[in-house]
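S.K.: Before we start, here is the structure in question, set down as structure tokens.
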Amino acid sequence: TVEEAGWFGLALPGRLDPARVHVLDGDLPSAHWLPAGPPPPRLSDVDGEGHTVVVGRALGIDAAAVRRLAAARVHVHLYGAVRAPGPKGDWASWVGDVGPAAAPYLHLHPGVHQDRWAAELGRYDAGWLHRVPSRNGGDLRRAVWDDLNQPARLGPLAVAGLPALQQRHPGHTVAMDRVVGATGAGLLYADLDDLVDQLHRPGELERARAAMAAHRADFTFDAHVPELEAVLRAAAG
């Protein structure tokens, strides 16, 4: 990310040649996986309830979050966490605490391959990015990985055409706050109450979905090849 490049610039002052520095997310998917046809029918059009998805570890999603969302009739679908729970997003540590009222709103799925991203994930309304706090106070020298990182799950969400859900960090420098804010391809929210309000606000998701449709190709590797090639040729020349 731009923020990560800035961090390295501060850590290595005067040692980086700007002409040989290029910012590119190495986890971007191939444009080959972008769907050619119309999106699949959404679950929310069938049952009238909200459906959100987590691809990978459930960072910042826990039993309390599921209960709050369930009270607003918003489902959470976890993909991949069933197979590979991690120390920061281990669903097994909290899934049993969701409670009977919220349990119907939590769904566990196995991982889904790239060739099914659009068809499978495209059924949902939006996808979660990482819900982690920031404490850098706008100073890149105090930034940690979660501030600088562009999560790999952004690629699958873009292929599926899903708006990204990103918690807002006012007063702090966070890469995904900038990305979502600049593209409009998602919802920036203060807390879960604010997010629930936005999810139920007429036209809010449609606006974010249209912005993701306009920018989804930008979140593929192919879109950046010409600039990358130019930088490499200039460095080699």
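Where a number appears in this text, it was derived from the coordinates with a stated rule and is not lab data. Worth saying up front: this structure is predicted, and the values here are computed from it rather than measured. A quick note on method: Cβ atoms are made from the backbone with ideal geometry, for glycine too, and the neighbour counts reach across all protein chains shown.
S.K.: Extension gain Ala92-Ser30, at 0.36 nm per residue separation less the Cα-Cα distance, in nm?
M.R.: Difference between extended and current length: 19.1 nm.
S.K.: Could I get the Rg over Rh figure for the chain? Both from C-alpha atoms, Rh via Kirkwood, rounded to two places.
M.R.: Answer for the chain: 0.99.
S.K.: Could you tell me what fraction of 2.2 N^0.38 Å the Cα radius of gyration of region 5-128 comes to, as a two-decimal ratio?
M.R.: Normalised by 2.2 N^0.38 Å, the Cα Rg of region 5-128 equals 1.37.
S.K.: Return the FRET efficiency for the residue pair Asp47, Glu204: r is the Cβ-Cβ distance, R0 is 22 Å, and the value is rounded to the nearest 0.05.
M.R.: 0.70
S.K.: Roughly how large, in nm² to one decimal, is the mean projection of the convex hull of the alpha-carbon atoms in region 106-237?
M.R.: 10.3 nm²
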